[in-house]
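Have a look at the structure below, then the notes.
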Amino acid sequence: MSRIHTRSGCHCSRRDFLARGLYGIGVGAGLPLVLSRTSAVLTAQALQGTSVERHPERILVVIELSGGNDGLNTVVPYGDAAYYRARPRLGIAEKDVIKVAAGFGLHPSMVGFERLYKDGQLAVVHGCGYDHPSLSHFSSMGFWHTGVPNGGEPLGWLGRLADQSYSQSERNVIVNIGSAQSLAVRSGRHSPLVFDDPARFRREGTDAEKSTLEQLSQPRTTSNPMLEFLSSAAHNAAESSDVVRQASASYRTPVDYGIGGGLGGNLQRVASLIAAKIPTRLYYVSYAGNSFDTHVQQADLHSRLLMYTADAVHGFMKDMDRIGRASEVAVVMFTEFGRRVEENGSLGTDHGTATPMFVVGKGVKGGFYGQAPSLTDLDDGKLKMTTDFRRVYATAIHEWLGCDEATAILKGNFAPLGVFV
């Protein structure tokens, strides 16, 4: 029997355990969460007569570049002299840039993205951000996770997308690969599968907690919507952990996902689940910690991170093509903010605002979208947003997944960008 991880050291009764809404249930190392109390409460409310319709069975993979990726050294404006004036030591020399468009190119370590771009599978969206931006990692990431900046929204944008698009009876709609559940996947109707290492995806905790979870995971009929949801979540996690471990352990691929950074391994885990035909439609993958927070001696670290990222995504798409699923998969990449235009005194860059986003897939119309921010018309040294990031979300929701409820999901009207064929 597989196991669900719970917070250790908690001595609580069955009533207390249920009262806290299964808070702390997770899978694998690092105590990730499958279901929060807020999610459980909102689920009980959402069960009152809400109906949803099925949308095209495509797959969306969202990659979080945690820490605030330096967009200017990722998509390099080599044609703008202001870039080199602001970054005399940190700027990427024009001769080294992978030139893909007039005045713009990729960091020289991003050979994987160069290949995707040449194949027409990479879209770059300029200047993504939101009004009144925060320079706090925590606050800004929360805004990107919920898709409602400064709004206090308790559910994630992917969670709301799942609630709107898929029936609660559809299991494993969301998979979150990481050491903890992201706010982005917090849902009112769906309990995400959350794990880091598939081999350790099992139920753990005190004897009392394991006993309670064992009872909850047994099939039951009840008129209590809260208990029904909690029981379904526990039962599903118990069954799904076995499937996840088996799919990951048995997956073999000749495709190279790159040499390090963790992202390649996580995307290979996504590939193993897609190959196993698990009915997941939304995958969320992130870097551990604030990997892209490059305040000091940025050049070498950033180069490695971008190489890991480009190689991993290219390898993933190549693997999808190998197993015949590339036409069903799209990838969206984001970070919580960019960096300031001017390099700092420590050969790094400090927290900024607007930054490029990336959309990858066989169904993508490759190229550049939106207007590049000015490097001279700045907001206290920071780039001014030219594309609301929710337009990219709306593009994924409406154009890729075929959902007509983007306005309701994002709590506002954001025009798609026409990225997909």
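Of all residues in the range 252-264, none satisfies being of a type outside the set (A, V, I, L, M) and in contact with a strand residue (DSSP E or B) (Cβ under 9 Å, 6 or more places away or on another chain). When you go through (1) buried (at least 21 other Cβ atoms within 10 Å of the Cβ); (2) over 15 Å from residue 121 (Cβ atoms) one by one for residue 386, which number turns out not to apply? Going through the list (1) buried (at least 21 other Cβ atoms within 10 Å of the Cβ); (2) over 15 Å from residue 121 (Cβ atoms), residue 386 breaks only (1).
Quick one: which of 271, 237, 249 is assigned to a helix (DSSP H, G or I), open to solvent by less than 10 Å² (accessible area, probe 1.4 Å), modelled with pLDDT of 90 or more and not β-branched (Val, Ile, Thr)?
Numbers: 237 fails: modelled with pLDDT of 90 or more; 249 fails: open to solvent by less than 10 Å² (accessible area, probe 1.4 Å).
Just one listed residue meets the conditions, 271.
For residue 228, the criteria (1) more than 24 Å from residue 156 (Cβ to Cβ); (2) open to solvent by 60 Å² or more (accessible area, probe 1.4 Å); (3) modelled with pLDDT under 95 hold in every case but one, which is (1).
Please work out if residue 52 is touching a Ser or Thr at 6+ places or on another chain (Cβ under 6 Å) and modelled with pLDDT under 50. Working first, answer last.
Working: touching a Ser or Thr at 6+ places or on another chain (Cβ under 6 Å): yes; modelled with pLDDT under 50: yes.
In short, yes.
Filtered by the rule that a residue be open to solvent by 10 Å² or more (accessible area, probe 1.4 Å), within 16 Å of residue 420 (Cβ to Cβ) and touching a helix residue (DSSP H, G or I) at 6+ places or on another chain (Cβ under 7 Å), the range 111-134 gives a lone residue, 121. Can you confirm whether the range 72-85 contains a residue that is assigned to a loop (DSSP other than H, G, I, E, B), touching a residue at least 60 places away in the same chain (Cβ under 8 Å) and surrounded by 19 or more Cβ atoms within 10 Å (Cβ to Cβ)? Yes, that holds for at least one residue. Does residue 409 count as touching a Cys at 6+ places or on another chain (Cβ under 7 Å) and either open to solvent by less than 10 Å² (accessible area, probe 1.4 Å) or within 22 Å of residue 184 (Cα to Cα) (or both)? Here the answer is no, as residue 409 does not meet what is asked. Taking the range 274-288 as the range and being of a type outside the set (Val, Ile, Thr), assigned to a loop (DSSP other than H, G, I, E, B), under 18 Å from residue 319 (Cα atoms) and open to solvent by less than 40 Å² (accessible area, probe 1.4 Å) as the test, only 281 passes.
Figure legend. Inter-residue proximity from the range 127-138: first residues closer than 21 Å to residue 74 by Cβ, second residues of a type in the set (A, V, I, L, M, F, W, C) and part of a strand (DSSP E or B), beta-carbon distance below 6 Å, spacing 6+ or different chains. Indicated pairs: 128/357. One residue stands out in the range 167-187 among those that are closer than 16 Å to residue 409 by Cα and surrounded by fewer than 24 Cβ atoms within 10 Å (Cβ to Cβ): the one that is modelled with the lowest pLDDT, namely 167.
Does residue 416 meet the test of being of a type outside the set (Ser, Thr, Tyr) and surrounded by fewer than 23 Cβ atoms within 10 Å (Cβ to Cβ)?
Details: of a type outside the set (Ser, Thr, Tyr): yes; surrounded by fewer than 23 Cβ atoms within 10 Å (Cβ to Cβ): yes.
For residue 416, the condition - of a type outside the set (Ser, Thr, Tyr) and surrounded by fewer than 23 Cβ atoms within 10 Å (Cβ to Cβ) - is met.
Counting only strands (runs of 3 or more DSSP E) that fall entirely inside the range 289-372 and contain at least 2 residues that are open to solvent by 10 Å² or more (accessible area, probe 1.4 Å), the qualifying elements are 367-369. Of everything listed in (1) at pLDDT 50 or above; (2) farther than 30 Å from residue 104 by Cα; (3) not in a loop (DSSP other than H, G, I, E, B), the single unmet condition for residue 45 is (1). If you check residue 392 against the conditions, is it farther than 12 Å from residue 128 by Cα, open to solvent by less than 20 Å² (accessible area, probe 1.4 Å), modelled with pLDDT of 95 or more and in contact with a strand residue (DSSP E or B) (Cβ under 9 Å, 6 or more places away or on another chain)? In short, no.
Just one of the numbered conditions (1) at pLDDT 85 or above; (2) surrounded by 14 or more Cβ atoms within 10 Å (Cβ to Cβ); (3) out of contact with any helix residue (DSSP H, G or I) (no Cβ under 9 Å at 6 or more places or on another chain); (4) part of a loop (DSSP other than H, G, I, E, B) is not true of residue 88; which one? The failed condition is (2). Contact map, the range 381-405: first residue without any contact (Cβ under 8 Å) to a residue 12 or more places away in the chain, second residue open to solvent by 20 Å² or more (accessible area, probe 1.4 Å), Cβ cut-off under 9 Å, separation 6 or more or different chains; pairs are 404/398.
The values are calculated or read from the model by the stated rules, or taken from the named source; none is laboratory data. Since this is a predicted model, take the numbers as computed values, not measurements. Because the Cβ atoms are built from the backbone with ideal geometry, glycine has one as well, and the counts that use them run over all protein chains shown. Heads up: the accessible areas ignore ligands, DNA and RNA and are worked out on the full protein's heavy atoms, side chains in. Shrake-Rupley method; radii C 1.70, N 1.55, O 1.52, S 1.80 Å.
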